[in-house]
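Colleague: After the structure tokens below, expect a handful of questions from me.
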Amino acid sequence: MWVIDHSLSKAETALNKGGRFGVGGGFLYRWGNPATYGAQGPVIFKVMHDAHWVPKDAPRAGFLAAVNNQGVSNNQTAADYFESTWDGKKYSLTPGQAYLPANYSFRHAANGYTSNMGSSQELPNGNLLICLATASKVYEVDSFGKQLWLYQGNAPIPQAFRYSKCFIENLMASVSASSTSINQGESTNLNCTIVSTAATGINYSWSPAEGLSNSTVANPVAKPAVTTTYEVTVTSSAGCLTTSSITIVVKSNGLEVDVSSIDSIICLVKLLSSTPNYPGGMEILRMNGLPTLLVLILICQIHLLTPKKILGIF
């Protein structure tokens, strides 16, 4: 079994550098037959198919797994599971030795043999779904290895997987607005668009409900008092759900100056107290970087340090 870097450009695949891990088209991890890269160790995989990571919602999540066609013997297949040496940044390897672990952590000895193809699927409840392709056989076992059911076909079955109804529905939603930036007192029309292959009986629930004409329809009118992010939860009659959101910016009615590309700005400020050099009253201050007069009203300083805008300067 090999693990390679899929972030490479076409040119980087021919090199031993570049990519996310700095090895170009080289292997990040190899396991199952150390002799192929000059190391010592047992041969686990002779013929293998359906290499994959165990999904995060199943026991042994993150393990590597594969159908080992000749795992138990030359006429009995296995599904083997093992934990790689991934440390969160790289796959560790001691020079001159084989990649660890030395052997698999868990093995399901299959109820038969497939000379080619095949699949194993780890289910959230701990069961395994096994497909023996050339034997035309699909069956499920529980976490104790007890067979729960068996399907025997009359033609090869390359692979078999179980999918939830929500996976088949593929419920997705996207939200748009007639305007995502409005003045105080104005409104905008929200619209939730559903993308699905099979979902029916759609219900909507918008949050927050404040400022909406109706929080349970696909296209409410929004009139927020302040900048607000609206999220809609969409539920189908099968209980499948998805969410989407949009932010409506409410612009201030006060003076607004965009300083995103300005490193010097002139502010009209009021002194908090009189000083020998700056008697009380209105003054013009040219600011380059951070203000140096701590006695000044801090509205200019605060807004220069936060969202690159100066609001309501008087």
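The values are calculated or read from the model by the stated rules, or taken from the named source; none is laboratory data. All values reported here derive from a predicted model rather than from experimental measurement. Every residue, glycine as well, gets a Cβ built from its backbone with ideal geometry; the counts of neighbours run over all protein chains shown. All accessible areas refer to the heavy atoms of the entire protein, side chains included, with ligands and DNA or RNA removed. Shrake-Rupley method; radii C 1.70, N 1.55, O 1.52, S 1.80 Å.
Colleague: Among the listed residues THR200, THR235, which satisfies the condition of being free of Cβ contacts under 8 Å to residues at least 40 places away in the same chain, among the β-branched types (Val, Ile, Thr) and surrounded by fewer than 15 Cβ atoms within 10 Å (Cβ to Cβ)?
Modeller: Numbers: THR235 fails: surrounded by fewer than 15 Cβ atoms within 10 Å (Cβ to Cβ).
Every option except THR200 fails the conditions.
Colleague: Quick check on my filter: what residues within the stretch 15-50 are in a loop (DSSP other than H, G, I, E, B) and of a type in the set (Lys, Arg)? Please lay out each step first, then the result.
Modeller: Step one: list which residues in the stretch 15-50 are in a loop (DSSP other than H, G, I, E, B), which gives 15-28, 31-33, 38-47.
LYS17, ARG20, LYS46, listed by residue number.
Colleague: Let me ask something else. So which of ASN111, ASN103, ASN74, ASN125 ends up being surrounded by 13 or more Cβ atoms within 10 Å (Cβ to Cβ) and either closer than 30 Å to GLY22 by Cα or out of contact with any helix residue (DSSP H, G or I) (no Cβ under 9 Å at 6 or more places or on another chain) (or both)?
Modeller: Values: ASN103 fails: surrounded by 13 or more Cβ atoms within 10 Å (Cβ to Cβ); ASN74 fails: surrounded by 13 or more Cβ atoms within 10 Å (Cβ to Cβ); ASN125 fails: surrounded by 13 or more Cβ atoms within 10 Å (Cβ to Cβ).
Exactly one residue qualifies, and that residue is ASN111.
Colleague: Let me ask you something else. Residues of the stretch 238-248 being surrounded by fewer than 15 Cβ atoms within 10 Å (Cβ to Cβ) and more than 12 Å from SER205 (Cβ to Cβ), which ones?
Modeller: Matches in the stretch 238-248: GLY239, SER245, THR247.
Colleague: Return a yes/no flag: does the stretch 84-93 have any residue that is in contact with a Ser or Thr (Cβ under 9 Å, 6 or more places away or on another chain), at pLDDT 95 or above and aromatic (Phe, Trp, Tyr). Explain how you work it out, then say what you get.
Modeller: Quick first cut of the stretch 84-93, residues in contact with a Ser or Thr (Cβ under 9 Å, 6 or more places away or on another chain) only: 85-86, 91-93.
If we keep only those that are at pLDDT 95 or above too, we end up with none.
For the stretch 84-93, residues in contact with a Ser or Thr (Cβ under 9 Å, 6 or more places away or on another chain), at pLDDT 95 or above and aromatic (Phe, Trp, Tyr): absent.
Colleague: Got a number for residues in the stretch 3-40 being farther than 30 Å from GLN70 by Cα, under 26 Å from the mean Cα position of the chain (by Cα) and open to solvent by 20 Å² or more (accessible area, probe 1.4 Å)? Don't jump to the end; show me each part of the working.
Modeller: If we filter the stretch 3-40 for residues that are farther than 30 Å from GLN70 by Cα, which is where we start, we get 7-24.
If we keep only those that are under 26 Å from the mean Cα position of the chain (by Cα) as well, we get 7-10, 12-13, 18-24.
In the following step, the residues that additionally are open to solvent by 20 Å² or more (accessible area, probe 1.4 Å) were identified as 7-10, 12-13, 18-23.
Number of matching residues: 12.
Colleague: Related question: Could you list, in sequence order, all residues of the stretch 208-230 that are open to solvent by 60 Å² or more (accessible area, probe 1.4 Å), more than 23 Å from SER252 (Cα to Cα) and of a type outside the set (Val, Ile, Thr)? Please lay out each step first, then the result.
Modeller: Step one: of the stretch 208-230, the residues open to solvent by 60 Å² or more (accessible area, probe 1.4 Å) are 210, 213-214, 216, 219, 223, 225-227, 229.
Remaining after also requiring more than 23 Å from SER252 (Cα to Cα): 214, 216, 219.
Selection gives ASN214, ASN219.
Colleague: Failed condition for LYS90, given (1) over 14 Å from VAL54 (Cα atoms); (2) open to solvent by less than 70 Å² (accessible area, probe 1.4 Å); (3) under 27 Å from the mean Cα position of the chain (by Cα), with all others met?
Modeller: So the condition that LYS90 fails would be (2).
Colleague: Of the conditions (1) out of contact with any strand residue (DSSP E or B) (no Cβ under 6 Å at 6 or more places or on another chain); (2) surrounded by 15 or more Cβ atoms within 10 Å (Cβ to Cβ); (3) assigned to a loop (DSSP other than H, G, I, E, B), CYS166 fails just one. Which one is it?
Modeller: Result: CYS166 fails condition (3) only.
Colleague: Output the number of the condition that SER119 fails; it satisfies all remaining conditions of (1) on the phi < 0 side of the Ramachandran plot; (2) open to solvent by less than 70 Å² (accessible area, probe 1.4 Å); (3) without any contact (Cβ under 8 Å) to a residue 60 or more places away in the chain.
Modeller: Every condition holds for SER119 apart from (3).
Colleague: Is it the case, given these coordinates, that THR94 is polar (S, T, N, Q) and within 27 Å of ARG20 (Cβ to Cβ)? Even if it seems obvious, please write down each step before you answer.
Modeller: Details: polar (S, T, N, Q): yes; within 27 Å of ARG20 (Cβ to Cβ): yes.
Yes; evaluated as a whole, the condition is true for this residue.
Colleague: I've got another one for you. Is it fair to say GLY254 is surrounded by fewer than 12 Cβ atoms within 10 Å (Cβ to Cβ), at pLDDT 90 or above and of a type outside the set (Phe, Trp, Tyr)?
Modeller: Working: surrounded by fewer than 12 Cβ atoms within 10 Å (Cβ to Cβ): yes; at pLDDT 90 or above: no; of a type outside the set (Phe, Trp, Tyr): yes.
So GLY254 fails the test.
Colleague: Something else now. How many of the residues making up the stretch 121-166 are of a type in the set (S, T, N, Q), more than 28 Å from SER196 (Cα to Cα), within 31 Å of the chain's Cα centre (by Cα) and modelled with pLDDT of 95 or more?
Modeller: Keep residues of the stretch 121-166 that are of a type in the set (S, T, N, Q), which gives 121, 125, 127, 134, 136, 143, 147, 152, 154, 159, 164.
Retained after the next criterion (residues that are more than 28 Å from SER196 (Cα to Cα)): 127, 134, 136, 143, 147, 152, 154.
Pick out the ones that are also within 31 Å of the chain's Cα centre (by Cα) and you get 127, 143.
Now narrow it down to the ones that are modelled with pLDDT of 95 or more: 127.
Number of matching residues: 1.
Colleague: Can ALA102 be described as at pLDDT 95 or above, hydrophobic (A, V, I, L, M, F, W, C), closer than 22 Å to MET1 by Cβ and assigned to a loop (DSSP other than H, G, I, E, B)?
Modeller: Numbers: at pLDDT 95 or above: no; hydrophobic (A, V, I, L, M, F, W, C): yes; closer than 22 Å to MET1 by Cβ: yes; assigned to a loop (DSSP other than H, G, I, E, B): yes.
No; evaluated as a whole, the condition is false for this residue.
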